[in-house]
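Okay, structure first, notes after.
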Amino acid sequence: MDYIVKLAFVLLIFIYSWFFQIQNQEWDMLRSMLKDANNMAVHDAAQEMNEDARAQGRLIIDPAEAYATFQQSLQDNLGLNEDLSPKAGSRFNDQVKIIKFDIVDESTGVAFPFLYEDSGYGITKYIQGPSVIAVIETEHPVYIARSKIQEAITVPAIQEYRFNE
């Protein structure tokens, strides 16, 4: 009887460890997908230039077009609906949220290079030209209920134009 109790205990520990490992692998995969999609989305958003200003030699990003392009790129690359909730068959289980979307360009009155800092999301970078900065997040996958609630997966990305020197 003692052997069966010990075996059951070892089996429970093994199953718990196995689910914990699966949960961590899922976190890694979702974070990697979010990072790649965010990088592509800020790149796409940075392409939305104000053509009138560009004709005058100024690089100014159109905010409305850039945000729409950013959101569309996230939808296309992550398999999301218009409200950024997952479509059927998507790898994601929870809605992706755009928690920060900033444009830094000549229209904001900054001189480049510019030190961009956001301590809330841990972003500090010298920006060499007009840029799009975005932070997205989704909920941490949970396979094992624990007393500690896992923080959401938060991913920042910056796309900048560098001026030729």
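The values are calculated or read from the model by the stated rules, or taken from the named source; none is laboratory data. If you're wondering where the values come from, they're calculated on a predicted model, not measured in any experiment. Please note that ligands, DNA and RNA were not included when accessible areas were found on the heavy atoms of the full protein model with its side chains. Shrake-Rupley method; radii C 1.70, N 1.55, O 1.52, S 1.80 Å.
Excluding ligands, DNA and RNA, what is the solvent-accessible area per residue of the range 1-158 at a probe of 1.4 Å, expressed in Å²? Write down the numbers at each step before the final one.
Details: 9430 Å² over 158 residues.
For the range 1-158, the solvent-accessible area averages 60 Å² per residue.
For the range 1-79, just the Cα atoms, rotate onto the principal axes and tell me the three extents in Å, largest first.
85, 19, 13
Got a number for carbon plus sulfur as a percent of the chain's accessible area, 1.4 Å probe? Write down the numbers at each step before the final one.
Values: 5410 of 10190 Å².
Accessible surface attributable to carbon and sulfur in the chain totals 53 percent.
Between 0 and 90 degrees, rounded to the nearest ten: what's the tilt of helix 2-46 against the longest Cα principal axis of the chain?
10
Relative to the longest principal Cα axis of the chain, at what angle does helix 63-78 sit, 0 to 90 degrees, rounded to 10?
For 63-78 against the chain, the angle is about 30 degrees.
Solvent-accessible area of F14, probe 1.4 Å, all protein chains present, reported in Å² to the nearest ten, please.
Near enough 130 Å² of accessible area.
For the chain, with equal point scatterers placed on the C-alpha atoms only and solvent neglected, what are the log10 I(q)/I(0) values from the Debye formula at q = 0.09 1/Å, to two decimals?
-0.42
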